[in-house]
Structure formats: structure tokens, C-alpha cells
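Peer 1: Quick one: structure below, then a few questions.
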Amino acid sequence: VGRRLERKGAMQRFSEMCDIGAVETRPSVLAVGGLAGGLVLAVLLAVIWAPWAFLFGALVPLGTWLYVRRKMHTRRKRFSEQLSEDLDVLAAALRAGHSLAGGFAVMAEQASEPSGAEFRRVVTDERLGVQLDEALKRVGIRMENRDMDQVALIALLARETGGSSAEVIDQVSANIRARMDVRRLVHTLTAQGRLARWIVSFMPVFLLGAIYVIFPAYLEPLFNTTVGV
């Protein structure tokens, strides 16, 4: 089943999410396990509780997908936060006399994860014949990081015109830090609104559970009548 799923377009996108999120379990195992777990849960709930309860079986594959998605977004966020420091290391390597490709190799060795893994991918691609700017664009797409387009542009200009790129990289690093500061400020200022959103969203679910515990007879028409269902 896993091999059949791997040929599907949706499964290929899920595999890419697992790769970006550094999920160690094979994507096919996660997908088949989530579907099988959801099916078992749906049957059990339909038999033990109520026929309509099989809908809760969808929570298992949905939870698997959300777990992988969360890992992917966390890894992308950490990459964005580390990028300015990594570019400082790259600028220092260029001032020490390394070429741009050599500077990326130094940066990949010293960078923390996930930046180290992504820039090692860039170095490997460059050694296999891929243009450095193209390899950087690929990482930017994988990490959904628009700042990598600027780094790729620096690599393109260095390849076509030559010259020192250290000062330009310093400026890009400063711009990234400024944008990160603005994002943190916005995140702080909107914290109250986001908290209110979650409270309003979960209030109906909380009330439903509380009423079911305190006075379950009040909810019986919701589950035991045609109109209620």
C-alpha cells in the first residue's frame, strides 16, 4: 500500500513535507498508519458509542498531517531566525579569503540545524554542477524564505561580475534582522487578539462538554432524534 501511495501526487507532497520537517519515520508508514488508525477508531466508536461517531476517525489521519505540518513550519521558522547569523559567518569567510562557494561550505559546517543541513545541500548541488544561485533558490523554495532570493542574487552577480560580496551580504543580514524585529513587534502587539480568537473558537466545544457532564439529558435530542443528528 505504501509503494502504491508513493506514486500519488498528494503522497509526494506529503513526503516533501516530511523531508522538510526532518521527520524520521517513512512518509508511507505515517500515511498508512494514520489511515489504518483512523479506520479502527471509526469502527470502534461507531460500535461502542453511536453510528455517527465514526466521523471522529478522521481525527487520526488529520492529526498525523497536522503533526508533520507543524514540524515543517517549525523547521522553516528556525531557518529564518538563523539566516542572519549564518550570513555573518559567510561574510567573515569571504573576508578571510574564501571563494563564495568555499564560504558557503564554511557556513554549512558551522551553522546549527536546520540551516546546516540546507546549506550542505547547497554545497553538494554546487559540487555536482548546479549553479550556486540556482541551488540557493531551491533552498529558498523549500524553506519558503524570500530572503534567500537576495542571497541567490548575490551569488549570481558574483559569478557574472566578480568582486567582493562581503559588504552586500552584511547589508542583507542587517535587512533580515530589521524585518525579524518588526515581525516580533507585530506578534507581541497582536497577542491579545489571537488569544481572544482561540477563546471564542473553543468556547462552544467547552460548553458542549460541560453540559454533557453536568446534565447529559439536555443533549439527548441532539444525538437521538433525526432533526438533532
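The values are calculated or read from the model by the stated rules, or taken from the named source; none is laboratory data. Everything quoted here is computed from the prediction, not taken from an experiment. Here the Cβ positions follow ideal geometry from the backbone for every residue, glycine too, while neighbour counts run over all protein chains shown. What goes into the accessible areas is simple: the full protein's heavy atoms, side chains included, and nothing from ligands, DNA or RNA. Shrake-Rupley method; radii C 1.70, N 1.55, O 1.52, S 1.80 Å.
Peer 1: Out of everything in the range 44-68 that is at pLDDT 90 or above and surrounded by fewer than 14 Cβ atoms within 10 Å (Cβ to Cβ), what residue ends up being farthest from Pro221 (Cα to Cα)?
Peer 2: Leu66
Peer 1: Still on this model: Check the range 24-31 and report whether any residue there is hydroxyl-bearing (Ser, Thr, Tyr) and open to solvent by less than 30 Å² (accessible area, probe 1.4 Å).
Peer 2: Within the range 24-31, the subset hydroxyl-bearing (Ser, Thr, Tyr) is 25, 28.
If we keep only those that are open to solvent by less than 30 Å² (accessible area, probe 1.4 Å) too, we end up with 28.
Yes; the residues of the range 24-31 include at least one that is hydroxyl-bearing (Ser, Thr, Tyr) and open to solvent by less than 30 Å² (accessible area, probe 1.4 Å).
Peer 1: May I pose another question? Kindly indicate whether Asp147 is of a type in the set (D, E, K, R), within 15 Å of Ala101 (Cβ to Cβ) and open to solvent by less than 40 Å² (accessible area, probe 1.4 Å). Break it down stepwise before answering.
Peer 2: Numbers: of a type in the set (D, E, K, R): yes; within 15 Å of Ala101 (Cβ to Cβ): no; open to solvent by less than 40 Å² (accessible area, probe 1.4 Å): yes.
Answer is no for this residue.
Residue by residue, here is whether (1) of a type outside the set (Asp, Glu); (2) outside any loop (DSSP other than H, G, I, E, B); (3) in contact (Cβ under 8 Å) with a residue 24 or more places away in the chain holds:
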{"residue": "Val139", "(1), (2), (3)": "yes, yes, no"}
{"residue": "Asp149", "(1), (2), (3)": "no, yes, no"}
{"residue": "Leu153", "(1), (2), (3)": "yes, yes, no"}
{"residue": "Leu157", "(1), (2), (3)": "yes, yes, no"}
{"residue": "Ser173", "(1), (2), (3)": "yes, yes, yes"}
{"residue": "Asp181", "(1), (2), (3)": "no, yes, no"}
{"residue": "Thr188", "(1), (2), (3)": "yes, yes, no"}
{"residue": "Leu195", "(1), (2), (3)": "yes, yes, no"}
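Peer 1: Being open to solvent by 80 Å² or more (accessible area, probe 1.4 Å) and over 19 Å from Gly228 (Cβ atoms) is the filter here, so list the residues in the range 194-212 that pass it.
Peer 2: Leu195, Arg197, Trp198, Ile199, Val200, Phe202, Met203, Phe206 - these are the residues of the range 194-212 that are open to solvent by 80 Å² or more (accessible area, probe 1.4 Å) and over 19 Å from Gly228 (Cβ atoms).
Peer 1: While we're looking at this one, here's another question. State which residue is nearest to the chain's Cα centre (by Cα) when the search covers only the range 106-124 and only residues that are part of a helix (DSSP H, G or I), closer than 18 Å to Ser173 by Cα and not charged (D, E, K, R).
Peer 2: Taking the range 106-124 as the starting set, the residues that turn out to be part of a helix (DSSP H, G or I) are 106-110, 115-124.
Right, trim to closer than 18 Å to Ser173 by Cα and you get 106-108, 110, 115-116, 118-119.
Those still in the list that are not charged (D, E, K, R) too: 106-108, 110, 115-116, 119.
Values: Val106: 26, Met107: 22, Ala108: 20, Gln110: 23, Ser115: 14, Gly116: 16, Phe119: 17 Å.
So, considering only residues that are part of a helix (DSSP H, G or I), closer than 18 Å to Ser173 by Cα and not charged (D, E, K, R), the one nearest to the chain's Cα centre (by Cα) is Ser115.
Peer 1: Quick check on my filter: what residues within the range 212-225 are over 18 Å from Trp52 (Cβ atoms) and either in contact with a helix residue (DSSP H, G or I) (Cβ under 9 Å, 6 or more places away or on another chain) or among the aromatic types (Phe, Trp, Tyr) (or both)? I'd like the intermediate steps shown before the answer.
Peer 2: From the range 212-225, those over 18 Å from Trp52 (Cβ atoms) are 213-215, 217-218; that's our starting set.
Once the filter is applied, which keeps residues that are over 18 Å from Trp52 (Cβ atoms) and either in contact with a helix residue (DSSP H, G or I) (Cβ under 9 Å, 6 or more places away or on another chain) or among the aromatic types (Phe, Trp, Tyr) (or both), the range 212-225 yields Phe215, Tyr218.
Peer 1: Sticking with this structure for a sec: Could you tell me which of the residues Ala196, Ala178 is small (Gly, Ala, Ser), over 17 Å from Asp88 (Cα atoms) and within 26 Å of the chain's Cα centre (by Cα)? Please lay out each step first, then the result.
Peer 2: Numbers: Ala178 fails: over 17 Å from Asp88 (Cα atoms).
Only one candidate passes the filter, namely Ala196.
Peer 1: Follow-up question, since we're still on this one. Please indicate, with yes or no, whether at least one residue in the range 177-193 is exposed (fewer than 10 other Cβ atoms within 10 Å of the Cβ) and touching a helix residue (DSSP H, G or I) at 6+ places or on another chain (Cβ under 9 Å).
Peer 2: For the range 177-193, residues exposed (fewer than 10 other Cβ atoms within 10 Å of the Cβ) and touching a helix residue (DSSP H, G or I) at 6+ places or on another chain (Cβ under 9 Å): absent.
The rows are residues; the columns are (1) in contact (Cβ under 8 Å) with a residue 12 or more places away in the chain; (2) over 25 Å from Gly21 (Cα atoms); (3) open to solvent by 60 Å² or more (accessible area, probe 1.4 Å).
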{"site": "Gly103", "(1), (2), (3)": "yes, yes, no"}
{"site": "Gly116", "(1), (2), (3)": "no, no, no"}
{"site": "Glu126", "(1), (2), (3)": "yes, no, yes"}
{"site": "Ala166", "(1), (2), (3)": "yes, yes, no"}
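Peer 1: Something else: Would you check if Glu144 is among the acidic types (Asp, Glu), in contact with a helix residue (DSSP H, G or I) (Cβ under 7 Å, 6 or more places away or on another chain) and at positive phi?
Peer 2: Details: among the acidic types (Asp, Glu): yes; in contact with a helix residue (DSSP H, G or I) (Cβ under 7 Å, 6 or more places away or on another chain): yes; at positive phi: yes.
Against the criterion (among the acidic types (Asp, Glu), in contact with a helix residue (DSSP H, G or I) (Cβ under 7 Å, 6 or more places away or on another chain) and at positive phi), Glu144 qualifies.
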